[in-house]
Amino acid sequence: MKKALHIAKNVLTWLIVVLAVCMMIFTIVSSMTFNRVDRDLFGYKAFIVLSDSMSATDFDAGDLVLVKEVDPETLKAGDIIAYQSTNTENYGEVVTHKIRELTTDAQGNPGFVTYGTTTDQNDENVVTYDFVLGKYQKNLPGVGAFFQFLKTTPGYIVCIFLPFLALILIQGINSIRLFRRYK
């Protein structure tokens with residue numbers, strides 16, 4: 001019975017170590033990669049969906065979308081793309097919307113009319129090729145919300161600080177026990 005309890009304690013300790021290290025790695029990766037237009041992970045760029053503009057058909061706020069860089073000339077109506085917005089209300093933010101049609105902007109540059117499927121209204125500006133970040137490949141439901149939580153103070157405390165604190169306490173108790181045994 002004592003040996004089984006010792007094995008269970010060791011397994012629990014290692015599970016906490018693995019969990020804490022994974023959370024730390026995920027936090028570092030998410031802060032350095034997600035929502036960064038200049039970074040990719042295994043050839044994919046990852047963006048956290050901030051609104052429900054595509055929730056009618058494809059993904060929701062809080063999902064993590066993965067996009068792959070493509071030649072904008074290969075895109076067609078119906079494709080979902082991620083792009084840097086030039087609209088006045090969200091300038092510079094990454095938006096992932098569906099292409100309604102191919103067109104040109106006022107200067108004659110080729111681009112796309114995009115829209116969110118929830119409102120079915122066209123975005124304010126034409127998305128020209130140089131603002132396209134990639135074509136939508138996949139979404140991971142809820143993962144973006146988790147990474148947003150990790151970036152907050154409560155998320156750091158719950159997912160990183162508390163597991164490491166538990167490890168420190170467990171090792172402190174083990175050290176006291178060993179000290180008493182050898183005393």
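The values are calculated or read from the model by the stated rules, or taken from the named source; none is laboratory data. Keep in mind the model is a prediction, meaning the values are calculated, not measured. So basically every Cβ, Gly included, is an ideal-geometry build from the backbone, and we count neighbours across all protein chains shown. Note: accessible area is taken over every heavy atom of the protein model, side chains too, but ligands, DNA and RNA are not part of it. Shrake-Rupley method; radii C 1.70, N 1.55, O 1.52, S 1.80 Å.
Put a dot 7 Å past each Cα toward the Cβ at Gln107 and Ala145; how far apart are the dots in nm?
With each label point 7 Å from Cα toward Cβ, the separation is 4.0 nm.
Taking amide H atoms as placed 1.01 Å from N in the peptide plane, list the residues 5 or more away in sequence, or in a different chain, whose amide H sits under 5 Å from that of Glu93.
Those qualifying (amide H under 5 Å, at least 5 residues apart or on another chain) are Ser85.
Using modelled backbone amide H atoms (1.01 Å from N, in-plane), which distant-in-sequence or interchain residues come within less than 5 Å of Asp105's amide H?
Here the answer is Gly111, since their amide H atoms fall under 5 Å of that of Asp105.
What lysines does Lys3 reach when the alpha-carbon gap must be under 29 Å and sequence neighbours fewer than 8 apart in one chain are set aside?
Lys183
Which whole-Hz ³J(HN,Hα) couplings does region 150-167 yield from phi under the Karplus relation 6.51 cos²θ - 1.76 cosθ + 1.60, θ = phi - 60°, glycine and proline marked x?
Going residue by residue, I get 4, 7, 8, 4, x, x, 4, 5, 5, 8, 10, 5, 5, x, 5, 5, 4, 4 Hz, with x marking Gly and Pro.
What is the extension gain from Leu41 to Val17, computed as 0.36 nm multiplied by their sequence separation minus the C-alpha to C-alpha distance, in nm to one decimal?
6.2 nm
Pop out the ³J(HN,Hα) list for region 104-111 in order, Karplus 6.51 cos²θ - 1.76 cosθ + 1.60 with θ = phi - 60°, rounded to Hz; leave Gly and Pro as x.
10, 8, 4, 8, x, 6, x, x
Would you mind checking Lys9/Lys151; Lys76/Lys151; Lys45/Lys98 for any pair whose Cα atoms are more than 27 angstrom apart?
Lys9/Lys151; Lys76/Lys151
What does the charge add up to near Gln84, with Lys and Arg as +1, Asp and Glu as -1, over the other residues with Cβ less than 10 Å from its Cβ?
-2
In percent, how large is the relative contact order of the chain, given Cα pairs closer than 8 Å and 6 or more residues apart?
23
Amide H of Ser55 versus every other amide H placed in the peptide plane: which residues, excluding those fewer than 5 positions away on the same chain, fall under 5 Å?
Result for Ser55 returns Thr118.
Please give the length that would be gained between Ser51 and Gln121 if that part of the chain were fully extended, namely 0.36 nm times their separation in residues minus their C-alpha to C-alpha distance (nm, one decimal).
Result: 23.7 nm gained on full extension.
Could you do me a favour and compute the accessible area per residue for the chain, 1.4 Å probe, result in Å²?
Per residue, the chain has 62 Å² of solvent-accessible surface.
Return P(r) of the chain (all Cα-Cα pairs; 10 Å bins starting at 0; whole %; ordered from short to long distances).
Over the chain, the share of Cα pairs per 10 Å bin runs 9, 29, 24, 14, 11, 8, 4, 1, 0 percent.
Apply the Kirkwood formula to region 61-155: the hydrodynamic radius equals the inverse of the mean of 1/r over all pairs of different alpha-carbon atoms; give it in Å with one decimal.
Value: 14.1 Å, from the Cα pair sum.
Quantify, in whole percent, the carbon and sulfur part of the accessible surface of the chain (1.4 Å probe; protein heavy atoms only).
Carbon and sulfur together cover 62 percent of it.
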